[in-house]
1. So which lysines can LYS64 reach, going by Cα to Cα under 25 Å and dropping same-chain residues fewer than 8 places off?
2. For helix 3-16, what angle does its Cα long axis make with the longest principal axis of the chain, in degrees from 0 to 90 and rounded to 10?
3. Only one of the values (i) 3, 15, 21, 19, 15, 12, 9, 5, 1; (ii) 3, 17, 26, 26, 17, 8, 3, 0; (iii) 4, 16, 24, 23, 16, 10, 5, 2, 1, 0 was calculated from this structure for P(r) over Cα pairs in 5 Å bins from 0, in percent; name its label.
4. Go through the stretch 46-58 residue by residue and turn each phi into a ³J(HN,Hα) via Karplus (6.51, -1.76, 1.60, θ = phi - 60°); whole Hz please, and just put x for glycine and proline.
5. Quick one: dipole size for the chain, taken about the Cα centre, charges +1 on Lys/Arg Cβ and -1 on Asp/Glu Cβ, in debye to the nearest 20.
6. In square angstrom, what is the accessible area per residue of the chain with a 1.4 angstrom probe?
7. May I ask for the angle, rounded to the nearest 10°, between helix 20-36 and the longest principal axis of the chain, with both axes built from Cα atoms and the value confined to 0 to 90°?
8. Which percent of the accessible heavy-atom area of the chain goes to carbon and sulfur, probe 1.4 angstrom?
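The values are calculated or read from the model by the stated rules, or taken from the named source; none is laboratory data. On a predicted model such as this, the values are computed, not experimentally measured, just so you know. Here Cβ is always computed from backbone atoms with ideal geometry, including for glycine, and neighbour counts include all displayed protein chains. The protein model used for the area step is the full one, side chains on, heavy atoms only, and it has no ligands, DNA or RNA in it. Shrake-Rupley method; radii C 1.70, N 1.55, O 1.52, S 1.80 Å.
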Amino acid sequence: MDPKTQRRKELIEKRQQLDSHFVETASRKIERHFLSLEEFVLADRLGLYSAFRGEVQTTSLFAKAHALRK
């Protein structure tokens, strides 16, 4: 396995081992920061990703952006 693939695998495994409370807390903090960005406020449209495998949760962000008609 090449080094890049190996490193990606290691990071995914570490992310999957994160405590769910930590992921939830970090997700809310990141969301608050994202919503406060001038780029977000001025944006007409957004490109968001749907989280999986322990990534930062984006469900609430989707809902808030939709409510703001972004």
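1. Qualifying lysines at Cα under 25 Å: LYS29.
2. 70 degrees
3. Derived directly from the coordinates: (i).
4. 10, x, 10, 10, 9, 6, 8, 6, x, 6, 3, 6, 10
5. 80 debye
6. Result: 85 Å² per residue.
7. Taking Cα atoms only, the helix is inclined about 40 degrees.
8. The computed percentage sits at 56.
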